[in-house]
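The values are calculated or read from the model by the stated rules, or taken from the named source; none is laboratory data. Just so it is clear, the structure is predicted and the values come from calculations on it, not from any experiment. Because the Cβ atoms are built from the backbone with ideal geometry, glycine has one as well, and the counts that use them run over all protein chains shown. Just so you know, the surface numbers come from the protein's heavy atoms only, side chains and all, with ligands and any DNA or RNA stripped out. Shrake-Rupley method; radii C 1.70, N 1.55, O 1.52, S 1.80 Å.
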Amino acid sequence: MEITILFIVIAFITNNVVISQIQDGKNLLNRSILSLDSNDYYHVSNYEFKCVRQLAICSSHGWSLKLQLRLNEFQSRSREHKYLLFSTGAHESHGDGMLIYLYQLKDVAYLEFGLKEFVDDQFAFYWQIEADLEINKWVEIIITVEKHTTSSGQHFQMKIFFDGYLYKETEIENYKEISIFRYKQIHPKATVIYGNNSGLAMIDNIIYYERILSDEDIANVSLDIIALGCLKSNDRVHQYIIAEVFDDWKLCRDKCSNRKMKIALYSSTTGQCGCVQSSLELDTSFNYDKECNCSLNELCSNSEEWHVLVVSRIIDLVDTEVGLDIRIADATFLNQGRTRVQRNEGVEMIVSVKNERNLAALTVYGDIEGQEFTHMETNSSEMYITPGVVSLSWKNEGSKKVNFRADYRRMVNDEMSEYRTVYVDVVYVKTDLPLKCVHLSSDNRDGHPYQNFTVQTYGSIPINCTIDFGDGDRKTNVTNRHQYYTAYFSKNYTRYGQYNISTQCYNELSVNTARIIRTVRRENMNKKMIIHKNLAETSEATRFYLTSRDDYACQHTSHLRLRNAITNETMKLIQRKKMLEVIPDESLPAGKHLYQLACGSASLQPYSLNIQPAIRSLDVEPSKSTIKSGQTVEFSITLQPTLDLTAILDCGASKIPLEIIHIEQTTDLAPILIGNCTYSTPGQYYPLISAMNHINSVNQSVHINVDPPLSQFEVDIEDLLDINELTVTIRALEKTSYEGVFTLTIINNINERNQTMRRPVQLLESNNFTEQLDVNITTYGQQILHVRGEDFPTIREAQARFTVGTKITKKPQVYIINQLGLANKDFIWVDIQWINGVGFDIEIDYGNEKKVVLHYGQFISNAVNRIMKKIDGIHHLQWKITAKQRLQIGYRYPKFGTYKIDVTFIQPTLELMRIGLKCSTVTIVDVRSQEEETCFQEHKFYLSSLNSLNQINSSSSVLLLPHSLQHKLEPTILTNCSNHDFIYSFYLLFIDPSLWKHSRVQRYSYHINQPFEEKFIDNYCSEFGSKSILALEPKSLSHGYYLYVFTIGRDSSMVDFRQYIQPIEITRSDLITKFGGNETIKNNNEEIHLDFYLRTMDPDNELERRKLNFTLICYPEQFQSLIFQPNIIQLGSSRPTEANAQNINEWSIQWSHLNLILHRSELNLQFYENQCFSSNVKNDKNRKSIQFNSDRKTLTINEKNLMFDNGILHFLLIVRHLNDGRQLIASLEVDKQLNFIFDTTDLSALEDIMNNLEDLASSNPKQAVELITGVADRLNQMSDNNVRNSMYILI
């Protein structure tokens, strides 16, 4: 089912392609609805083809026409004929466009493709392209017409393609100007197409495209036209095969087209390609079948079949060189360069034209048969001929001039015609002349073995001459044509000596002879005469053989020697005709020696003997015996010293060409590089190295194992939190085993190579083709691991990104330590503190002056407080680590001015975190304007606040500011300069208590959540200005220790400045309570409420009372000196001081005189008394009469339980903070009002009152006075108002 579905889809796609092609092009000629006219032409309406109808109305930039054409055989014509095959209307005077003409003259025919374009109503431009095609062969033609813009304007250009390849294109500047009669409203209505298939030509499948066809469309030629068939492989095929191998037959055809070949041969089995020069050579060399067993587009197992493909049907026109040639068929007519004939004797002249297809007419004129004139006559006749044999004869004697003229259709070397002239001497031969004399001469110098002889005589024909060369050899020459006889003879003498040469000539009337003597002797040696012989160097004398060019005859054989031409030393030899066996007396030394064969004193054949060592001990050394496919192996050889060495390297692969090198001399056993082989296919190879010289040749083979290449692989890496070992996983994407060395390179985010290492890697089936490597990482941030394996050219590479570090999640703190400095002197320091994050970089923009990036690895490993320096030209940078997560960076500005600093953190993931500095402007002062005197001395600065607990002096360096109060910090500077010229800047730092360097008396019990050692308070910083007061609102700052950093300068001279640092402590406020005062008990059984616990408060914040200790002491006033010693109780708040760090009172409590009557440990509450309560309360079981309210935390005491006999009771409250030592002392005085009720009628009661008054006066005079005064007032009231009978007296 799956196969069926796939087939349907493919068929559907194919149909779509066909449909789209049909829709794109329009069929121009439909033979089923059209008929031929009387002249065998079709007339097709061009209404639907607007580019064909008129060039001017073509909507696109051009159009294309595709057709198939076949030229039929034609009859020979004596005159040139011109036939119209196709025209869009250009053949008419009022039409433009494209046309095709067929020209025919004799046996030559060619096509003319023309393009006509209107210039105006009277003239048009005409371009033409000529082509000569083979007869009876189908050709696919594509014509494109496209508009081009040139310097002279816009013109159309025509291109002609034959069988998918560009033939020619019109050159816009090379045109003919023709006259026309154009009417704008009149244009051709039809396209004219030749339609007689049995006549001149056949035209079929004419498709019109209203666009320019693409290169792919043009190259897509139908196989029905270009595929001729197949031929069987034979010995002749191999001489046409080229070196390249192709996977597609189209590539083979393209290669043959580039080589200007007409036929391509392609094997679909091996991919081999061959090219044939012409169709004629194909037909004469091969027999091929039109049917093939294998498809051209599919792989076939039949290796014996070659597909025959047409590359081009074009016959090349030779129109670039002349070619008129006249030759005499019989050379005997020639006598000293002229043609000599007898009367009525015909002479044949061969007339040939090299560029015959360009020939328009061939004419012979002058003194020819039938039209002879005297010298006084100037006219001559003409006769048109065809190339071939022309026979001419003359009746009269004399000198005849025959002219030949070739007229060409196209210009040849700027000429349209070519001329040749032949001179003929017509003579009358007499028959009664005996031989006058015989002349015998030699054309060579005496002594030369090769001699040329010339024999001349005069007489009636026939004349017969025989020459005797003096060595028994004779030659004869006879002539029946010329009475002036000349004959040439040659002889090569092989023996030395003197020869008598004689010749004898005779005719029917007489005989005559002549003689000459020639001597053959030794000639001087020259380079061409030397016979070269190569001989192997031997340690002993060894016979060797030489050959001679001739079988030299020597009078005595024993006189024949081989003599050294320089030393005259001789060697014996044995002659066997041309073979000489040389018998040396000793071994010949290496080198070249010149010898000469000598017969006695006569020198004969020279020899050059080249003595050199033979090739011995050849050893081949490959650079590798096992490689991966695609890699290269270098081959070297070692051998014994020799000369003129030629080495040939055969890699053992058919696709790798041989490498041949020549080595003049080897002197030792050092390796010699011969070449290299690159193997692209895995397998076993046996490369062969052949070493040869003039003596011998030696072959040596080695075994090379080519494994499959390393497959593509991928790399996996996990991010690291800090520098550590990184686990790299390398996984092969193909299951191909590999063992080798990989190169690992780590590159940071700015493309800098941090480290490179090489590690062995095994990708085997046993480890599932996966390897894990541990790599030590020493750098932070986002990085790239580049992994490279294998060697060129099968290099495999992969890379992966990873990050070392953690992201900053809490914003770091950055502030500028000093905002003012001198150019090229002072460093502007930036303090940076961070809470978390690893591997980040810090970018500091120092305004327009410099931008610095400090990498995490540059500072994190530095020692604490060790200053690191970096100098970049005029830019000086310093940094130091002051704590684990604190960094200070200093920069020295080279120029004065005002700059704004910006700090950005670059996360390990390359994300940016901008800080946004507060008070980020720095001022750099020109150091050249520095004054000697300054307005600001070292210890002349004080900071004050009206609500501070102290003033800065020599004994108190820390300014104490209560937390709950407002403070306006104002600097006081002791200086002689005017304050109106001062400008200020300041900022505030919150200091970790553990780092506080100043003395302190208060330690805070609670934990301070301080992330930084020094916290920069953003709201309390100021850039340079006139503002000098820092206002701290109540409770705006938390308790703790602060540094107030204050910089002051002069507006008129910024070079005079100073920075001061004032320690500040935001301390706790004094405790307060509403407990205390006076209270009077007016009624019996009245209760007093002691609510000191909840009414004691800390103005700074909500008080945690569990950290307070409450001690309540009750005593009569007169016993105070007994309990407190000395009796100097100071009520109110107190705190620890530097002098009294524990806040110890100056008095002490005598606890032995006090009784503990109440203790509540959960409230840190103790209640002591002395003479305040009646005895029954002091008893433990009656203490419940002192009531304690757990909700309100109050004590309730009934009046009846108190004892006022000893006077006013004092309730002294001592509250002490258990952590910070603050103390609060408050006192409540309680007394009781005495009420007396008596009857006014009973005055005896006054006696008792007076008795009591005496007792009261003795115990408490003050109360007694008050009592008496009250009684008096009451008595007066009673006497005046008389309203009651009772009175009340207050004690």
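For residues that are of a type in the set (S, T, Y), touching a residue at least 24 places away in the same chain (Cβ under 8 Å) and not in a strand (DSSP E or B), scanning just segment 766-814, find the one that is surrounded by the most Cβ atoms within 10 Å (Cβ to Cβ).
Among residues in segment 766-814 that are of a type in the set (S, T, Y), touching a residue at least 24 places away in the same chain (Cβ under 8 Å) and not in a strand (DSSP E or B), the one surrounded by the most Cβ atoms within 10 Å (Cβ to Cβ) is Y780.
Going by what's in this entry, would L440 be described as in contact (Cβ under 8 Å) with a residue 12 or more places away in the chain and part of a loop (DSSP other than H, G, I, E, B)? Steps first, answer last, please.
Details: in contact (Cβ under 8 Å) with a residue 12 or more places away in the chain: yes; part of a loop (DSSP other than H, G, I, E, B): no.
When the stated conditions are applied, L440 does not pass them.
Please list, ordered by first then second residue, the pairs with beta carbon atoms under 7 Å, 6 or more apart or interchain, first in segment 242-261 and on the phi < 0 side of the Ramachandran plot and among the aromatic types (F, W, Y), second surrounded by 15 or more Cβ atoms within 10 Å (Cβ to Cβ) and part of a helix (DSSP H, G or I).
The qualifying pairs are F246/C252.
Give the residue, chosen from I924, I906, I901, I881, that is of a type outside the set (D, E), open to solvent by less than 20 Å² (accessible area, probe 1.4 Å), under 29 Å from F802 (Cα atoms) and in contact with a strand residue (DSSP E or B) (Cβ under 7 Å, 6 or more places away or on another chain).
I881
Would you pick out the residues in segment 652-687 that are open to solvent by 60 Å² or more (accessible area, probe 1.4 Å), hydrophobic (A, V, I, L, M, F, W, C), under 40 Å from the mean Cα position of the chain (by Cα) and within 18 Å of I615 (Cβ to Cβ)?
The answer is I660, L673.
Condition first: surrounded by fewer than 12 Cβ atoms within 10 Å (Cβ to Cβ) and either touching a residue at least 12 places away in the same chain (Cβ under 8 Å) or touching a Gly at 6+ places or on another chain (Cβ under 9 Å) (or both). Can you find one or more residues in segment 451-469 that meet it?
no
If a residue has to be part of a loop (DSSP other than H, G, I, E, B), open to solvent by 10 Å² or more (accessible area, probe 1.4 Å), touching a residue at least 40 places away in the same chain (Cβ under 8 Å) and not basic (K, R) to count, how many in segment 824-836 make the cut? Before the answer, list the steps.
Here is the first cut: in segment 824-836, the ones part of a loop (DSSP other than H, G, I, E, B) are 824-826, 834-836.
Those left that are additionally open to solvent by 10 Å² or more (accessible area, probe 1.4 Å): 824-826, 835-836.
Of the ones still in play, those that are also touching a residue at least 40 places away in the same chain (Cβ under 8 Å) are 824-826, 835.
Adding the requirement that they be not basic (K, R) leaves 824, 826, 835.
Of the residues in segment 824-836, 3 are part of a loop (DSSP other than H, G, I, E, B), open to solvent by 10 Å² or more (accessible area, probe 1.4 Å), touching a residue at least 40 places away in the same chain (Cβ under 8 Å) and not basic (K, R).
Looking at this structure, is S1005 modelled with pLDDT under 85, touching a helix residue (DSSP H, G or I) at 6+ places or on another chain (Cβ under 9 Å) and not in a strand (DSSP E or B)? So that I can check it myself, show each step before the final result.
On the way: modelled with pLDDT under 85: yes; touching a helix residue (DSSP H, G or I) at 6+ places or on another chain (Cβ under 9 Å): yes; not in a strand (DSSP E or B): yes.
Considered against the rule, which asks whether it is modelled with pLDDT under 85, touching a helix residue (DSSP H, G or I) at 6+ places or on another chain (Cβ under 9 Å) and not in a strand (DSSP E or B), S1005 comes out as yes.
Do you know which residues across segment 616-636 are open to solvent by 20 Å² or more (accessible area, probe 1.4 Å), assigned to a strand (DSSP E or B) and either among the acidic types (D, E) or under 19 Å from L710 (Cα atoms) (or both)?
Within segment 616-636, D619, E621, T626, K628, T632, E634 qualify.
I'd like to check something: does segment 1061-1070 contain any residue that is out of contact with any Cys (no Cβ under 9 Å at 6 or more places or on another chain), in contact (Cβ under 8 Å) with a residue 40 or more places away in the chain, small (G, A, S) and open to solvent by 60 Å² or more (accessible area, probe 1.4 Å)?
There is no residue in segment 1061-1070 that is out of contact with any Cys (no Cβ under 9 Å at 6 or more places or on another chain), in contact (Cβ under 8 Å) with a residue 40 or more places away in the chain, small (G, A, S) and open to solvent by 60 Å² or more (accessible area, probe 1.4 Å).
When you scan segment 540-548, do you find a residue that is farther than 15 Å from P606 by Cβ, of a type in the set (K, R) and at pLDDT 85 or above, even just one?
There is at least one residue in segment 540-548 that is farther than 15 Å from P606 by Cβ, of a type in the set (K, R) and at pLDDT 85 or above.
Is it the case that some residue within segment 73-92 is under 53 Å from the mean Cα position of the chain (by Cα), of a type in the set (G, A, S) and either crowded, with 17+ Cβ neighbours inside 10 Å or at pLDDT 90 or above (or both)?
No.
Report, ordered by the first and then the second residue, all pairs with beta carbons closer than 6 Å, sequence separation of six or more or different chains, a first member in segment 1099-1127 that is under 16 Å from H1210 (Cα atoms) and hydroxyl-bearing (S, T, Y), and a second member that is open to solvent by less than 10 Å² (accessible area, probe 1.4 Å) and assigned to a helix (DSSP H, G or I).
Listed pairs, sorted by first residue: Y1115/I1123.
Among (1) under 54 Å from the mean Cα position of the chain (by Cα); (2) part of a loop (DSSP other than H, G, I, E, B); (3) of a type in the set (S, T, N, Q), there is one condition T646 misses while meeting the rest; what is its number?
T646 satisfies all of (1) under 54 Å from the mean Cα position of the chain (by Cα); (2) part of a loop (DSSP other than H, G, I, E, B); (3) of a type in the set (S, T, N, Q) except (2).
What single numbered condition from (1) out of contact with any helix residue (DSSP H, G or I) (no Cβ under 7 Å at 6 or more places or on another chain); (2) touching a residue at least 24 places away in the same chain (Cβ under 8 Å); (3) under 30 Å from V958 (Cα atoms); (4) open to solvent by less than 70 Å² (accessible area, probe 1.4 Å) fails to hold for E1138?
Looking at each condition in turn, E1138 falls short on (4).
Over 34 Å from the mean Cα position of the chain (by Cα) and aromatic (F, W, Y) - does that describe any residue in segment 856-870? First the steps, then the outcome.
Pass one, segment 856-870, residues over 34 Å from the mean Cα position of the chain (by Cα): 860-869.
Remaining after also requiring aromatic (F, W, Y): none.
No; the residues of segment 856-870 include none that is over 34 Å from the mean Cα position of the chain (by Cα) and aromatic (F, W, Y).
Among the listed residues S1028, S1053, S1038, identify the single one that is out of contact with any Gly (no Cβ under 6 Å at 6 or more places or on another chain) and open to solvent by 50 Å² or more (accessible area, probe 1.4 Å). Steps first, answer last, please.
Numbers: S1028 fails: open to solvent by 50 Å² or more (accessible area, probe 1.4 Å); S1053 fails: open to solvent by 50 Å² or more (accessible area, probe 1.4 Å).
Only one candidate qualifies: S1038.
Within segment 637-651, how many residues are crowded, with 17+ Cβ neighbours inside 10 Å and either touching a helix residue (DSSP H, G or I) at 6+ places or on another chain (Cβ under 6 Å) or not acidic (D, E) (or both)?
9
Please work out which one of (1) closer than 30 Å to C651 by Cα; (2) open to solvent by 70 Å² or more (accessible area, probe 1.4 Å); (3) part of a strand (DSSP E or B) is the condition V761 fails and give its number.
V761 satisfies all of (1) closer than 30 Å to C651 by Cα; (2) open to solvent by 70 Å² or more (accessible area, probe 1.4 Å); (3) part of a strand (DSSP E or B) except (2).
Collect the residues in segment 149-176 that are surrounded by fewer than 10 Cβ atoms within 10 Å (Cβ to Cβ) and in a strand (DSSP E or B), keeping them in residue-number order.
T149, G153, listed by residue number.
Are any residues in segment 401-419 farther than 28 Å from H81 by Cβ and surrounded by fewer than 20 Cβ atoms within 10 Å (Cβ to Cβ), and if so, which ones?
Step one: list which residues in segment 401-419 are farther than 28 Å from H81 by Cβ, which gives 401-402.
The one that is farther than 28 Å from H81 by Cβ and surrounded by fewer than 20 Cβ atoms within 10 Å (Cβ to Cβ): K401.
Residues checked against (1) part of a loop (DSSP other than H, G, I, E, B); (2) in contact with an Asp or Glu (Cβ under 6 Å, 6 or more places away or on another chain):
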position	(1), (2)
V221	yes, yes
I225	no, yes
G229	no, yes
H238	no, no
E244	no, no
D247	yes, no
C252	no, no
S257	no, no
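Restricting to segment 1047-1070, what's the tally of residues that are over 16 Å from I973 (Cα atoms) and of a type in the set (V, I, T)?
Result for segment 1047-1070: 4.
Would you mind stating whether I566 is in contact (Cβ under 8 Å) with a residue 12 or more places away in the chain, assigned to a loop (DSSP other than H, G, I, E, B) and either open to solvent by 10 Å² or more (accessible area, probe 1.4 Å) or not polar (S, T, N, Q) (or both)?
yes
Say we look at segment 934-958 and pick out the residues that are surrounded by fewer than 18 Cβ atoms within 10 Å (Cβ to Cβ) and assigned to a strand (DSSP E or B); which of these is modelled with the lowest pLDDT?
Checked segment 934-958; the qualifying residue modelled with the lowest pLDDT is Y942.
Got a number for residues in segment 1185-1220 being part of a loop (DSSP other than H, G, I, E, B) and either more than 22 Å from K1107 (Cβ to Cβ) or in contact (Cβ under 8 Å) with a residue 40 or more places away in the chain (or both)?
So the answer is 12.
Residue under question is P589, and the condition is that it be in a loop (DSSP other than H, G, I, E, B) and under 25 Å from S548 (Cβ atoms); does it hold?
Yes; evaluated as a whole, the condition is true for this residue.
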